[in-house]
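Student: Right, I'll just put the structure down here and ask away after.
The values are calculated or read from the model by the stated rules, or taken from the named source; none is laboratory data. Nothing here was measured: the structure is a model prediction, and the numbers come from that model. Please note: Cβ atoms are built from the backbone with ideal geometry, for glycine as well, and neighbour counts cover all protein chains shown. Accessible surface areas use protein heavy atoms only, side chains included; no ligands, DNA or RNA. Shrake-Rupley method; radii C 1.70, N 1.55, O 1.52, S 1.80 Å.
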Amino acid sequence: MKKLISISIMCLTAGLAACGKQDIVEIKPNETAFLIQLDGNSKTQKAFMSEEYLAENKVASKRVVIPYVSVAGANFFAATVPAAKLIMVDRKPVTREWTRSEKTGTSPHNQAISVESKESIDFSIGVVLTASIPENSAAKFLYHYAGTPLEVIADTNIRGYVQAALSREFGARDLDTARKEKALIFTQVFKETRDAFEKKGVSIDNLGYSEGMTYSDANIQKSINETFEAQMAVQKAQQRVVEAVQLRLAAEEFAKAKDASVAKIDLDIRQLQAQAQLEAVRKWDGHLPANVVPQGSGMLFGLDKMTAK
């Protein structure tokens with residue numbers, strides 16, 4: 001009897017202590033919190049961690065108080081435990097750079113995505129990804145990934161999805177076509193990845209390529225470089241021919257324009273001369289100017305004595 005009373009007193013004391021204990025948790029602006037009750041009936045426990053249940057238990061405030069309760073433990077000793085659990089979802093965006101170079105990638109290791117063309121030519125390509133968790137999708141994300149950080153999901157689930165999609169698209173094209181349609185391939189993969197992870201609470205904000213295509217066989221890259229250099233040499237030669245033709249045509253046009261300009265100037269001079277002569281004839285009164293040859297000079301041969309009719 002005394003032992004029973006002693007145990008009861010201990011349980012009561014533990015219970016009183018539990019009533020006064022609590023945790024205060026601050027929620028950051030980039031976090032969404034869900035308060036999960038750890039005690040409840042079978043109906044509540046059955047619905048535990050469903051997407052609907054999580055959405056209903058999303059915390060609206062930025063400060064949460066978590067009380068403690070006493071529960072019976074081994075040998076009749078009471079244990080003080082939290083009455084609820086606060087689960088946080090960090091929504092801030094994450095960026096991953098899966099590249100070959102240790103200077104540009106998220107990791108110092110080679111993380112470029114390895115694929116192959118239709119001819120089974122192996123190469124790798126860098127991928128840049130930005131993802132985030134929208135506020136209204138936090139419950140969906142928590143339901144699918146059980147609190148795993150977004151950066152981990154990006155390096156595992158999302159990377160695996162991108163790897164499979166790029167392998168499919170590049171594998172359906174020969175190497176030359178793959179090089180030409182690289183941008184088109186990434187546009188398609190971005191759309192597919194965005195649609196797939198939107199259903200799981202993740203927003204794929206950006207997905208693109210970097211570093212270009214790096215071939216496993218160095219001879220392939222050498223051959224591509226040599227072909228490109230030959231093509232550039234041909235293009236430069238063609239450009240020089242075009243420029244020479246353009247210069248010749250320009251010279252011919254200039255010569256024609258110059259001849260036409262000279263002819264026009266000559267015609268203008270002739271017209272001015274004819275107009276001046278006509279004006280002089282109109283103004284002549286039949287007498288020669290006296291100040292040119294003195295009147296009565298023998299050099300006039302009697303012209304100064306003639307009168308105008």
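Student: I need the full set of residues from the range 166-195 which are farther than 30 Å from residue 32 by Cα, in contact with a strand residue (DSSP E or B) (Cβ under 9 Å, 6 or more places away or on another chain) and open to solvent by less than 60 Å² (accessible area, probe 1.4 Å), in order please.
Tutor: Hits for the range 166-195 are 166, 167, 169, 170, 171, 175, 178, 182, 183, 185, 186.
Student: Of all the residues that make up the range 93-119, how many are open to solvent by 70 Å² or more (accessible area, probe 1.4 Å) and assigned to a loop (DSSP other than H, G, I, E, B)?
Tutor: Result for the range 93-119: 9.
Student: While we're on this one: For residue 168, are the conditions met, namely being under 14 Å from residue 129 (Cα atoms), modelled with pLDDT of 95 or more and not in a loop (DSSP other than H, G, I, E, B)? Let's see the steps before the verdict.
Tutor: Numbers: under 14 Å from residue 129 (Cα atoms): no; modelled with pLDDT of 95 or more: yes; not in a loop (DSSP other than H, G, I, E, B): yes.
When the stated conditions are applied, residue 168 does not pass them.
Student: Another one. Quick one: which residue in 133, 125 is open to solvent by less than 10 Å² (accessible area, probe 1.4 Å) and under 30 Å from residue 60 (Cα atoms)? Walk me through how you get there before you give the answer.
Tutor: On the way: 125 fails: under 30 Å from residue 60 (Cα atoms).
Only one candidate qualifies: 133.
Student: Could you please tell me which pairs satisfy a Cβ distance under 6 Å, a separation of 6+ or placement on different chains, a first residue in the range 76-102 that is among the hydroxyl-bearing types (Ser, Thr, Tyr), and a second residue that is outside any strand (DSSP E or B)?
Tutor: Taking only residues 6 or more apart or on different chains, the pairs are 80/18; 99/105; 99/112.
Student: Oh, and also: For the range 120-158, name all the residues that are of a type in the set (A, V, I, L, M) and part of a strand (DSSP E or B).
Tutor: Keep residues of the range 120-158 that are of a type in the set (A, V, I, L, M), which gives 121, 125, 127-129, 131, 133, 138-139, 142, 146, 150, 152-154, 158.
Within the range 120-158, 125, 127, 128, 129, 131 meet the criteria.
Student: Separate question: For residues in the range 68-77 being touching a helix residue (DSSP H, G or I) at 6+ places or on another chain (Cβ under 8 Å) and open to solvent by 40 Å² or more (accessible area, probe 1.4 Å), which is modelled with the lowest pLDDT? Walk me through it before giving the result.
Tutor: Pass one, the range 68-77, residues touching a helix residue (DSSP H, G or I) at 6+ places or on another chain (Cβ under 8 Å): 68-70, 72, 76-77.
Narrowing the set further to residues that are open to solvent by 40 Å² or more (accessible area, probe 1.4 Å) leaves 69-70, 72, 76-77.
Values: 69: 83, 70: 78, 72: 72, 76: 61, 77: 64.
Looking at residues that are touching a helix residue (DSSP H, G or I) at 6+ places or on another chain (Cβ under 8 Å) and open to solvent by 40 Å² or more (accessible area, probe 1.4 Å), I get 76.
Student: Looking at (1) open to solvent by less than 70 Å² (accessible area, probe 1.4 Å); (2) modelled with pLDDT of 85 or more, which is the one condition that is false for residue 198?
Tutor: It is condition (1) that residue 198 fails.
Student: Something else now. Report whether or not residue 274 is of a type outside the set (Asp, Glu), in a helix (DSSP H, G or I) and at pLDDT below 80.
Tutor: Numbers: of a type outside the set (Asp, Glu): yes; in a helix (DSSP H, G or I): yes; at pLDDT below 80: yes.
The answer is yes for residue 274.
Student: State which residue pairs qualify: first residue free of Cβ contacts under 8 Å to residues at least 40 places away in the same chain and under 24 Å from residue 133 (Cβ atoms) and inside the range 190-219, second residue open to solvent by 70 Å² or more (accessible area, probe 1.4 Å) and not aliphatic (A, V, I, L, M) in any location, beta carbons under 7 Å apart, and separation of 6 or more residues or different chains.
Tutor: Close Cβ pairs (under 7 Å, with a partner that is open to solvent by 70 Å² or more (accessible area, probe 1.4 Å) and not aliphatic (A, V, I, L, M)) amount to 193/161; 196/161.
Student: Could you list all residues from the range 41-58 that are open to solvent by less than 60 Å² (accessible area, probe 1.4 Å), over 35 Å from the mean Cα position of the chain (by Cα) and modelled with pLDDT of 60 or more? Reasoning before the result, please.
Tutor: Step one: list which residues in the range 41-58 are open to solvent by less than 60 Å² (accessible area, probe 1.4 Å), which gives 44, 47, 49-51, 53-55, 57.
After this cut, where a residue has to be over 35 Å from the mean Cα position of the chain (by Cα) as well, the list is 44, 47, 49-50, 53, 57.
49, 50, 53, 57, listed by residue number.
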